[in-house]
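Only the coordinates and a few stated rules stand behind these numbers; no lab work does. Here the structure is a predicted model, which means the values were calculated and not measured. Neighbour counts are summed over all protein chains in view; Cβ atoms, including those assigned to glycine, are modelled from backbone coordinates with ideal geometry.
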């Protein structure tokens, strides 16, 4: 349940930081390059809540109650000129790390490959098992 609440809070935080009344400056820049082995949909059930992550060639999506598109959040925030966000990634054959940061916040996402069908998401000293739903 704590993880579910975390994703709600982080999604809300990034949405608020990314709000702008001038959508004309919006760009489609990609900030992510997930490795091929992680592409697809992954999910787990956290008590009564379901957490779903989706990775494609150039984006990361997290869904708890609604889908969060991280490229959209970062692009909207950066085009507003108020808060500049950036992504740093580390990729290997068995792990994918990325950090989303700005001048006011920093959040790290760590995924460890267990098998083609299972990931471990490391978050604040917790290991969350994620299972592949589709490619």
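Summary table below
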read-out	value
Residue 39/residue 106 FRET efficiency (R0 30 Å; Cβ-Cβ; nearest 0.05)	0.70
Percent of alpha-carbon pairs separated by more than 11 Å within the stretch 95-135	66 percent
Proportion of all alpha-carbon pairs of the stretch 26-135 beyond 25 Å (%)	20 percent
Two-site FRET efficiency, residue 93 against residue 65, from Cβ-Cβ distance with R₀ of 41 Å, rounded to 0.05	0.75
